[in-house]
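One structure is given below, encoded as C-alpha cells.
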Amino acid sequence: MGDLQPGKGFMGDATEESIDFFFNAFDELRSVFQNLNANELIDNGKPSELLKAMRDQHGWQTEKDGFGQKVFKLLEWGNGAYRVTLALTSRGMLKVDVRSWFVPGA
C-alpha cells in the first residue's frame, strides 16, 4: 500500500452520548442502504433515491451547496455540533462525511 498518509479525520469527545449518536446515525444509513438495495440504485444512476429516503428518517435535514445535495444529522455539542452527512456530488457520487462543526474562536 505504499507510503500512506493521513487524510482529514474526525476528532471529538468520546462519551456514551456521542458514541450512541454516531452508532445510531450509521445504523440508519445502513438500514436505508439495505432496504433500498443501494448498490443497484447507484449502478442504475439513481443515488438521489437514497437521499430522498434519508429525509424521511427522524432528525435528518437537507441542504444543497456547491458540493452537491446533502442530508445530515447533527448532535449539538459544546460550542457547535457533531455532524454525519451523506452527500450526492455534482458528479453523481455518494460521499459520507463525519466531522465537528464549530464557530472558530468561540
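The values are calculated or read from the model by the stated rules, or taken from the named source; none is laboratory data. Small disclaimer: the values here were computed from a predicted structure and weren't measured. Cβ coordinates were reconstructed from backbone atoms using ideal geometry, including for glycine residues, and neighbour counts include every protein chain displayed.
Table for the structure above
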read-out	value
Matching entry among E76, E63, E40 (being free of Cβ contacts under 8 Å to residues at least 12 places away in the same chain and in contact with a strand residue (DSSP E or B) (Cβ under 7 Å, 6 or more places away or on another chain))	E63
Only listed residue being surrounded by 14 or more Cβ atoms within 10 Å (Cβ to Cβ) and under 22 Å from L41 (Cβ atoms), chosen from Q61, Q69	Q69
Residue count, the range 5-48 (criterion: within 15 Å of the chain's Cα centre (by Cα) and among the basic types (K, R))	2
Residue tally, condition over 25 Å from P104 (Cβ atoms), touching a Leu at 6+ places or on another chain (Cβ under 9 Å) and of a type in the set (V, I, T), over the range 57-92	2
Test: residue in the range 88-104 that is surrounded by 14 or more Cβ atoms within 10 Å (Cβ to Cβ), at pLDDT below 90 and outside any strand (DSSP E or B)	no
